[in-house]
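Trainee: Would you mind keeping the following structure in view while I ask a few things?
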Amino acid sequence: MKLLAANGPNLNLTGTREPQIYGSDTLAVINSELKERFPAVSFEFFQTNSEGELIDKIQSVEKEGFDGVILNAGALSHYSYALRDAIASVKRPVVEVHLSQVFAREEFRRTSAISEVCKGTVTGFGKISYFAAAFALSEMLKK
Ligand code: DQA
């Protein structure tokens with residue numbers, strides 16, 4: 001099984017940016033824990049601060065042979081209709097994840113432009129949000 005773990009704007013700063021909200025593990029640590037916890041999964045890790053690059057990557061999911069996507073789109077989750085349309089165009093399941101509990105934060109974070117076109121959402125468990133999404137996808141996609 002091949003999964004894409006994609007991260008959008010500012011997620012490259014995870015570990016040092018507002019650690020009281022996002023935790024002190026870097027994205028590299030989270031990614032290597034994903035690999036350790038799901039040895040049967042072949043992961044590709046992708047991070048970009050650019051909306052267009054994230055959309056290009058989502059558009060390429062089928063062509064690149066991914067079975068599913070773990071996606072933390074950062075703030076784009078809250079307002080990017082272009083990203084939403086890209087997710088809707090893909091036939092593979094996309095799971096929306098957030099490190100923080102977005103529903104317990106500012107009003108603008110309580111809206112997601114992408115949830116409706118995602119298979120599910122995991123929010124608020126720190127790095128465990130990614131592990132829960134990987135678990136859900138690997139169970140769902142089991143043959
Ligand atoms: C985030 C939550 C978003 O509101 C924020 O803009 C981020 C990170 C999270 O992982 O908690 O960049 O997606």
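The values are calculated or read from the model by the stated rules, or taken from the named source; none is laboratory data. The shown structure was predicted, so the numbers you read here are calculated from the model rather than taken from an experiment. All Cβ positions, even for glycine, are placed from backbone atoms using ideal geometry, and neighbour counts span all protein chains on display. Please note that ligands, DNA and RNA were not included when accessible areas were found on the heavy atoms of the full protein model with its side chains. Shrake-Rupley method; radii C 1.70, N 1.55, O 1.52, S 1.80 Å.
Trainee: Which condition number in (1) open to solvent by 40 Å² or more (accessible area, probe 1.4 Å); (2) more than 13 Å from the ligand (Cβ to nearest atom); (3) under 16 Å from A5 (Cα atoms); (4) free of Cβ contacts under 8 Å to residues at least 60 places away in the same chain is the one that S60 fails?
Mentor: Tallying (1) open to solvent by 40 Å² or more (accessible area, probe 1.4 Å); (2) more than 13 Å from the ligand (Cβ to nearest atom); (3) under 16 Å from A5 (Cα atoms); (4) free of Cβ contacts under 8 Å to residues at least 60 places away in the same chain, S60 fails exactly one: (1).
Trainee: Which count do you get for residues in segment 1-25 that are near the ligand (Cβ under 9 Å from one of its atoms) and crowded, with 22+ Cβ neighbours inside 10 Å?
Mentor: The number of residues fulfilling the criteria is 3.
Trainee: Which residues, taken from segment 109-124, are in contact with a strand residue (DSSP E or B) (Cβ under 9 Å, 6 or more places away or on another chain) and not in a helix (DSSP H, G or I)?
Mentor: Matches in segment 109-124: S112, I114, C118, K119, G120, T121, V122, T123, G124.
Trainee: Here is a follow-up. Run down A88, A82 and say which single residue is away from the ligand (no atom under 16 Å from the Cβ), out of contact with any Phe, Trp or Tyr (no Cβ under 8 Å at 6 or more places or on another chain) and within 17 Å of K119 (Cα to Cα).
Mentor: A88
Trainee: Also, quick follow-up: Considering segment 63-79 alone, what residues qualify as being touching a Leu at 6+ places or on another chain (Cβ under 7 Å), open to solvent by 10 Å² or more (accessible area, probe 1.4 Å) and within 13 Å of the ligand (Cβ to nearest atom)?
Mentor: Across segment 63-79, the qualifying residue is only G74.
Trainee: Shifting gears a bit: Does segment 109-142 hold any residues that are over 11 Å from I70 (Cβ atoms) and among the hydrophobic types (A, V, I, L, M, F, W, C), and which are they?
Mentor: Of everything in segment 109-142, those that are over 11 Å from I70 (Cβ atoms) and among the hydrophobic types (A, V, I, L, M, F, W, C) turn out to be A113, I114, V117, F125, I128, M140, L141.
Trainee: Quick one: what pairs do we get from segment 100-120, first residue under 13 Å from Y81 (Cα atoms), second aromatic (F, W, Y), C-beta under 9 Å, 6+ apart or different chains?
Mentor: That search, which allows pairs on different chains as well, returns T111/Y79; A113/Y79; A113/Y81.
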